[in-house]
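Here the structure comes first, spelled out in structure tokens, and everything after it is commentary.
The values are calculated or read from the model by the stated rules, or taken from the named source; none is laboratory data. What you see is a predicted model; the values in this text were computed from it and never measured. Glycine gets a Cβ as well: all are built from the backbone with ideal geometry, and neighbour counts include every protein chain shown.
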Amino acid sequence: MPSGVELALQVILLGSGLLLGVTGFGHAMLATPMMLLFLDAKSTIVIVRLVSLPALLAMSLAYRFPVDWRIISRLIIPASVGAIAGTLVLSATAAKVLVLAVGLTIIGAAGASLVRGLEGKLNLRYHLPLLGLIAGLLGGSIGFAGPPIVFGLAHNHFENKDQFRGTLLAFFALANIVSLIGFATLGLIDGPRLKVALRLLPATLVGVAVGERWVRNLSNVLFQRLVMITMIALAILSMGTQL
């Protein structure tokens, strides 16, 4: 890999790690579209997953945020099924079309939340399994597992930013494991991709540490608005890199 490309990837992963440290999500949504400017779709998605898992585990262990395991239990099985199916979609569908479709949906949903606010809590029995399935499909195909889960948790745990982030981190770590198993089964994880991921991991961890330190004193109200604005910005960025 040319040194200039690797430097660009380091900067991208530093930024996506910073976002992960602040919000508890967004690592893949920020890194994936920008890395697609330098790498092919399959390599990008696999490398982002390989970097994300240790970053998520490190953040969870270091800061020990509270986790709502009821929500995790409702999400993880349908998300696992969706991730396997999404991996197959990755092999057959253009990433560009999926990114554009998801981006438009995110802009509409996050924009509505900013204008009208979030009304009511989701039904854990009915809504969460569906969100988990959608998240798995998007995560396995284009690496965007976050949006459905972020919107779901926003209705249930936005009053506590630490529990919001902790539950997101736990879910994404489990979902990443399932996705990586699927990638390995399909032979998508190889030596060169592993080496690139290892070289990019330190930049991600530095970003996580800086981001988490910055957000500690942010009020829950400002954090809520930051999350929705971040979702819109990430969707626009993702779409822009595909046009």
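Of note:
- Condition met for L30 (in contact (Cβ under 8 Å) with a residue 24 or more places away in the chain, within 25 Å of F151 (Cα to Cα) and surrounded by fewer than 24 Cβ atoms within 10 Å (Cβ to Cβ)): no
- Only a single criterion out of (1) outside any helix (DSSP H, G or I); (2) modelled with pLDDT of 80 or more; (3) not polar (S, T, N, Q) is not satisfied by H157, namely (2).
- Selection from region 115-129 of residues that are at pLDDT 65 or above and surrounded by 15 or more Cβ atoms within 10 Å (Cβ to Cβ): H127, L128, P129
- Flag if T32 is out of contact with any Leu (no Cβ under 7 Å at 6 or more places or on another chain), within 22 Å of L198 (Cβ to Cβ) and either at pLDDT below 90 or of a type in the set (A, V, I, L, M, F, W, C) (or both): yes
- Members of region 36-55 that are in contact (Cβ under 8 Å) with a residue 40 or more places away in the chain and surrounded by fewer than 17 Cβ atoms within 10 Å (Cβ to Cβ): L37, K42, P54
- Complete set of residues in region 194-231 that are among the charged types (D, E, K, R), in a helix (DSSP H, G or I) and under 17 Å from G24 (Cβ atoms): E212, R213, R225
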